[in-house]
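Contents: one structure, followed by commentary.
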Amino acid sequence: MLKNSILKNFYSTHSEQYILASLILYNNSWNDIYYFLNIDNFFFKNHQIIFSIILEFLNLNIDFDIYSIYNRIKIYSNFNFLNYLNYILQKTPNPYNIVYYARIIHNMYLLRKILLFSNNIVNNILKSEKLNINEILFNIELNMFDIVKDYLKEKSDSCLLSNIFNKYFLNKNFFKNFFISTGFKDLDNIIKKINGGDLLIIAGRPSMGKTSFSLNIARHVSDIYGLPVIIFSMEMSSNQILLKFLSCILNEDQDFINKTLNSEILNNFNKNYLKLIYSLKIFIDETVNLNIIQIYTKCKFLIKEHGSLGLIIIDYLQLMSSTNPNQNRVLEISEISRSLKCLAKELNVPIIAISQLNRNLESRTNKRPLISDLRESGSIEQDADIVLFIYRDEIYDSKNILNKNIAEIIVSKHRNGPIGTTNLYFFDNKSKFSDF
């Protein structure tokens, strides 16, 4: 356990008293700090008691002063609260400084959390007879994610309209990175652009081309916008993903590339192809059973290393693990989809999450997917900004040559625009989609 002599540098008696006095004298000043300050932020127990009483009055929308607080608080007979309240009110605080002092309290609280959690990690390592590095790293990620979330509360959710206008129209870098297109003309005519912060679900039955479609968009974003893209591939290996990319870029059959590709052929590649392959800022992570904390950590690392991130692809959503594995699978998927939407918004980066569909549609005459076919959770539809289904009639009717190499892209949900259907050519053996 950390000694109080160490912690004494990580609290501010004056700031805590200042906040309490400000709230008692100017009840409305709570509106400036409500979004990040809570009871745990106060170091002293007596300050926590006073603040909890203030919160009771605020939640009931009742005006309060020193006497109404004392009448509610005098049950704590072990401390002379009336004298103490009079003492802190003598500081006559300026309510315009309340945010400054609240941030001091909040930041001190976060530093104490970091100290305590770091101390626990060290003690557990020293006391453990058998070290499990995966478990240790997971606990570190979990605790740090919790601390970062607490820190982000300091950022107000509201923003002045004029500031949003300036950021949107005058900041060229923001404007450049805020939108991406899919690279498919007819599809872009429907959904226009994908915004930073959007969660896009791509769903379909097996063999419809969900992964290939996502990789085509990844290549477009990295090639055209010059932005890094990360693909969390929990189903396919990085080699399999590489093969799909090469097949699409070289316009060659995957089997041919897999059988004939060697260093000699590599030397004979068209230099333009090589230049394209080496220019793509596409990162592939094949870690299995990732949870939202691990994805958040990896994405933050990439942004720190490269300054930006253009797209995140999850292949696929149902293979992610929950941070609370004790609940049923439907609740787990709901938690995962909500977390992905929050992550997209927090990083201001669009996320494409590939999703499976229920088998129920196989029993229907018309096997085109519906929103209700999304597997294991209705919250996926609720959390998503855009839902795309990929449907290929040739999977069910291979004899009809009119349907060969045609994929229907069905926009079933579009939070910011219309829905509709467009056709693309899909060459399965080359993992390549192209405009119809």
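The values are calculated or read from the model by the stated rules, or taken from the named source; none is laboratory data. Just so it is clear, the model here is predicted, and its values are computed rather than measured. Because the Cβ atoms are built from the backbone with ideal geometry, glycine has one as well, and the counts that use them run over all protein chains shown. Keep in mind that these areas ignore ligands, DNA and RNA; they rest on the heavy atoms of the full protein, side chains included. Shrake-Rupley method; radii C 1.70, N 1.55, O 1.52, S 1.80 Å.
Atom-type composition of the exposed protein surface of segment 276-319 places 54 percent of the accessible area on carbon and sulfur (1.4 angstrom probe).
Per residue, the accessible area of segment 55-128 comes to 65 Å², computed with a 1.4 Å probe over protein heavy atoms only.
Relative to its residue count, segment 314-370 spans a Cα convex hull of 99 Å³ per residue. When every Cα-Cα distance of segment 287-394 is counted in 10 angstrom steps from zero, the calculated P(r) takes the values 13, 43, 30, 12, 2, 0 percent. Remark on Ile352: its backbone amide H falls under 5 Å from those of Leu200, Ile312, Ile313, Ile314, a criterion applied only to residues 5 or more positions apart or on other chains, H modelled at 1.01 Å from N. Dividing the Cα radius of gyration of segment 37-126 by its Kirkwood radius returns 1.07 for Rg/Rh.
Normalising the average separation of contacting C-alpha pairs (under 8 angstrom, six or more residues apart) by the number of residues puts the relative contact order of segment 299-436 at 16 percent. So if we plug the beta-carbon distance of Met144 and Ser321 into 1/(1 + (r/R0)^6) with R0 = 22 Å, what FRET efficiency do we get, rounded to 0.05? FRET efficiency, Met144 to Ser321: 0.75. A probe of 1.4 angstrom, applied to the heavy atoms of all protein chains, finds Val122 with accessible area near 80 square angstrom.
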